[in-house]
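Below: the structure, in structure tokens.
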Amino acid sequence: ADGVGSGKIAMVSGKSRLLFTAAALAIATVANGFALGTVPALRGVGGSGVSLLQGSKARLQQGGRSGKLGGLRMGWSPEERAKREAARVAREQKILQERAERQAALENYDKGFQEGLKTKPLDMEAREDDFVMQEGNYGDNAQGLFGWANNNPSSKNAIYDTEFIQSAAGGGNVGEMMIAMRGKGRTEESREVQILGKDNKPLTIYYRQMGEILEGGPTPVLMCHGILDHSWSWRELMQLLAAEGIPCIALDMPGAGYSSWPQPGFDFEWDPESVKGVYTKFLDAIGVSQVSVMTQGFIYSQYALQWGLENPDRAVKLLSLNAPLLPGTALPFPLQQYQLPIVSNFVAQDALRAERFLEGGSAYAMDVADADRFREPFLESMMPGLAVVDLMKKTNFDALLQRNYELLYASQQPALVAWGTADKYLNAADAEAFCQATGTEFKPLSGEAGFLAQMDYAQSVALSIKGFLRS
């Protein structure tokens, strides 16, 4: 007691906080010792609070080595140990069972997939190594707002037989899918050039060129794609015409294919004048003064035709494959959805929508490699989908068709419409009526060619148009 008291007097002089702490620790340690039976009396603890702490520390170390803390046991009874061991064994058995169930599910899925490779969708039949679609995308099972995509051969075909699924990356996530398909459309005819977008911001325009453009030689053909399409669809026709000595150029519009994907409202505006301005800027950038303008598809192709009609000094001939021409033609429902509030935000994110739409107007199912090319931009970024939404919102489709009708009626430019008669979006009778009203030559394509005629039957297209282009 005297020792503790003398320590207290010493600490009061200048270090009251240390006094309080040391005293409290000493009392607590002693009380603990009494409770555990390890400290019989205060004497022998030492003459100060410091020696008391040192003694407590020694006992703690000794207790730790012996499995006790100050005399308190930290172990479990034999019954508790047996109970914990039984729980551990049960937990491990459950993990092994879950692993076995997952493995069985994977093996069952793989078995089903291998069986599926041997079959074809019920609504498709083989014809000359191609899948042929008889009813289009608007079958009896296509119901509801998004039901038009239910009966879709290319997506079904992709489930049964794709290089990706059978590759090392097969069955992976979207990132692995993109690695497997990225850039495969950049074939040897690929080129790029820079033009200026909004506020003089640079945009990369990707294009394909086949055949040499020579001064005094044949006029090159500028091939202009429609909405949800890009230059990939022109490749086979380009090869055929270039072999005939007719040079061809096919560009990807901003937000499409491998061109820049600018953010709407910041880097590019999809208003009519900006869209038509791309053709002027592009031809200036590649140093081509005159072209024959060839169009196909919806929206972009109507702007390209209008650009040609408004610039007869640069567009010496006009040629259209399957595209809306007659005023009053309705947009297909899948394109109307890009103009609907709320719905447009969903369809803009649909990476398979382009291939489904392009295939939907055709008599043939799209090859998987081609389908990959059309879904690639939409898998890479949201910007291509937002570009379509912005373009559709700023397009007055009826006014666009009416203006083209009036311009072509008054034009002296040679014009030809070559038409795939198996088109499931557009009526051949309407196209023929437009040609009769405007004095334009109408030529139905031989064979079964639909909406995307240049992919459905490139040979028939080439035979039908090469004389017109050479004349």
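When SER274 is tested against (1) assigned to a loop (DSSP other than H, G, I, E, B); (2) more than 20 Å from LEU408 (Cβ to Cβ); (3) touching a residue at least 40 places away in the same chain (Cβ under 8 Å), exactly one condition is not met: (1). Within the range 398-412, can you find the residues that are surrounded by 14 or more Cβ atoms within 10 Å (Cβ to Cβ) and assigned to a loop (DSSP other than H, G, I, E, B)? Passing the criteria: only SER411. Inside the range 437-453, residues that are of a type in the set (Ser, Thr, Tyr) and assigned to a loop (DSSP other than H, G, I, E, B) make up a count of 2.
Given the condition touching a residue at least 24 places away in the same chain (Cβ under 8 Å), in a helix (DSSP H, G or I) and touching a helix residue (DSSP H, G or I) at 6+ places or on another chain (Cβ under 8 Å), answer yes or no: does some residue in the range 417-436 qualify? Yes, some residue in the range 417-436 is touching a residue at least 24 places away in the same chain (Cβ under 8 Å), in a helix (DSSP H, G or I) and touching a helix residue (DSSP H, G or I) at 6+ places or on another chain (Cβ under 8 Å). Take the conditions (1) open to solvent by less than 40 Å² (accessible area, probe 1.4 Å); (2) modelled with pLDDT under 95; GLY447 misses just one of them, which is (1).
Restricting attention to the range 322-332, report how many residues are open to solvent by 60 Å² or more (accessible area, probe 1.4 Å) and either in contact with a Lys or Arg (Cβ under 6 Å, 6 or more places away or on another chain) or under 15 Å from ILE299 (Cβ atoms) (or both).
Number satisfying all stated conditions: 1.
ARG191 meets all of the listed conditions (1) more than 19 Å from GLU236 (Cα to Cα); (2) open to solvent by 40 Å² or more (accessible area, probe 1.4 Å) but one, namely (1).
Take GLY183 and tell me if it is among the small types (Gly, Ala, Ser), at pLDDT below 95 and either part of a helix (DSSP H, G or I) or within 20 Å of PHE378 (Cα to Cα) (or both). For GLY183, the condition - among the small types (Gly, Ala, Ser), at pLDDT below 95 and either part of a helix (DSSP H, G or I) or within 20 Å of PHE378 (Cα to Cα) (or both) - is met. Against the conditions (1) over 21 Å from PHE434 (Cα atoms); (2) modelled with pLDDT of 95 or more; (3) assigned to a loop (DSSP other than H, G, I, E, B), PRO324 satisfies every one except (1). Entry remark, the range 198-247: residues being open to solvent by less than 10 Å² (accessible area, probe 1.4 Å), touching an Asp or Glu at 6+ places or on another chain (Cβ under 9 Å) and outside any loop (DSSP other than H, G, I, E, B) number 7 in total. When ASP350, ASP313 are checked against the criterion of being acidic (Asp, Glu) and in contact with a helix residue (DSSP H, G or I) (Cβ under 8 Å, 6 or more places away or on another chain), ASP350 stands alone in meeting it.
For ALA418, the conditions (1) within 30 Å of ILE342 (Cβ to Cβ); (2) open to solvent by less than 10 Å² (accessible area, probe 1.4 Å) all hold with the exception of (1).
Within the range 334-372, the residues that satisfy the criterion of being under 11 Å from the mean Cα position of the chain (by Cα) and open to solvent by 10 Å² or more (accessible area, probe 1.4 Å) are GLN349, ASP350, ALA351, LEU352, ASP372.
Condition check ((1) at pLDDT 95 or above; (2) under 23 Å from ALA371 (Cα atoms)) across all residues:
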| residue | (1), (2) |
| --- | --- |
| TYR405 | yes, no |
| ALA410 | yes, no |
| VAL417 | yes, no |
| TYR425 | yes, yes |
| CYS435 | yes, no |
| PHE451 | yes, yes |
| ASP456 | no, yes |
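So which residues in the range 413-448 are within 20 Å of LYS466 (Cα to Cα) and either polar (S, T, N, Q) or touching a Gly at 6+ places or on another chain (Cβ under 9 Å) (or both), if there are any at all? Once the filter is applied, which keeps residues that are within 20 Å of LYS466 (Cα to Cα) and either polar (S, T, N, Q) or touching a Gly at 6+ places or on another chain (Cβ under 9 Å) (or both), the range 413-448 yields GLN413, ALA415, GLY420, THR421, THR440, PRO444, LEU445, SER446, GLY447, GLU448.
Screening THR280 against (1) open to solvent by less than 20 Å² (accessible area, probe 1.4 Å); (2) assigned to a helix (DSSP H, G or I) leaves a single unmet condition, (1).
Working only within the range 304-321, note down all residues that are surrounded by fewer than 19 Cβ atoms within 10 Å (Cβ to Cβ) and either of a type in the set (Ser, Thr, Tyr) or part of a loop (DSSP other than H, G, I, E, B) (or both). Let's see the steps before the verdict.
Narrowing the range 304-321 to residues surrounded by fewer than 19 Cβ atoms within 10 Å (Cβ to Cβ): 310-314, 316.
Within the range 304-321, ASN311, PRO312, ASP313, ARG314 meet the criteria.
Contact map, the range 223-242: first residue free of Cβ contacts under 8 Å to residues at least 40 places away in the same chain, second residue among the hydrophobic types (A, V, I, L, M, F, W, C) and buried (at least 24 other Cβ atoms within 10 Å of the Cβ), Cβ cut-off under 8 Å, separation 6 or more or different chains; pairs are SER231/MET223; SER231/ALA250; SER231/LEU251; ALA242/CYS248. Looking at the range 380-397, which of the residues that are touching a residue at least 24 places away in the same chain (Cβ under 8 Å) and of a type in the set (S, T, N, Q) is surrounded by the most Cβ atoms within 10 Å (Cβ to Cβ)? Top of the filtered list is THR395.
The values are calculated or read from the model by the stated rules, or taken from the named source; none is laboratory data. As the structure is a prediction and not an experimental result, all values here were calculated from the model. Don't worry about glycine lacking a Cβ; one is built from the backbone with ideal geometry, like all the others, and counts go over all protein chains shown. Areas reflect the complete protein model, heavy atoms only, side chains present, ligands, DNA and RNA absent. Shrake-Rupley method; radii C 1.70, N 1.55, O 1.52, S 1.80 Å.
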